[in-house]
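The values are calculated or read from the model by the stated rules, or taken from the named source; none is laboratory data. In this text, all values refer to a predicted model and were calculated from it rather than measured experimentally. Positions of Cβ are backbone-derived with ideal geometry, glycine not excepted, and every protein chain shown enters the neighbour counts.
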Amino acid sequence: MQRLFGMFPNRGAGFALLVLRLSVAAVLVSYQRLCPGREMEVLLALSRIAAILIVVGWYTPVAALAATLISLCSLWVCRELEVNVLMIAILVAIGFLGAGAYSIDARLYGRRRLVVGRPRDKFEGSSMP
């Protein structure tokens, strides 16, 4: 599972990934304005689910892949080239970069601190030989 996730950058890079995830989710939620119609209802529901997963940063590479497929379907249905191509490029970048330190992925699969030291003896300090 660890290979699915990146390095989880924090500070400036982590904040930039958070802003990027929020802006992508805003566009995913507003797909209805691009192509209003009955055929977009399923794509709208799926894009909102993907937007929620991307915002909270839960299985971000998988959610970005799903949102990329949704954008490809939206491109095929609506023929709105500029927005969808840019969105696909940004989603691919998010998929490769991961969610960053400010996400659920970082809490579940993030960096761990291993402390290597001398093992404690159970009987340390006791009078047993």
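Descriptive notes on the structure:
- Single residue of the stretch 57-73 satisfying the filter (polar (S, T, N, Q) and out of contact with any Asp or Glu (no Cβ under 7 Å at 6 or more places or on another chain)) that is farthest from Gly37 (Cα to Cα): Thr68
- Scan the stretch 30-53 for residues that are of a type in the set (A, V, I, L, M, F, W, C), in a helix (DSSP H, G or I), in contact (Cβ under 8 Å) with a residue 24 or more places away in the chain and closer than 16 Å to Ile88 by Cβ and the total you get is 4.
- Residue list for the stretch 18-33, filter: more than 10 Å from the chain's Cα centre (by Cα) and crowded, with 18+ Cβ neighbours inside 10 Å: Val24, Ala25, Val27, Leu28, Tyr31
- Scope the stretch 54-87; condition in a helix (DSSP H, G or I), surrounded by fewer than 23 Cβ atoms within 10 Å (Cβ to Cβ) and under 14 Å from the mean Cα position of the chain (by Cα); matching residues: Val55, Val56, Pro61, Val62, Leu65, Ala66, Thr68
- Condition broken by Ala93, with the remaining ones in (1) at pLDDT below 85; (2) in a helix (DSSP H, G or I) satisfied: (1)
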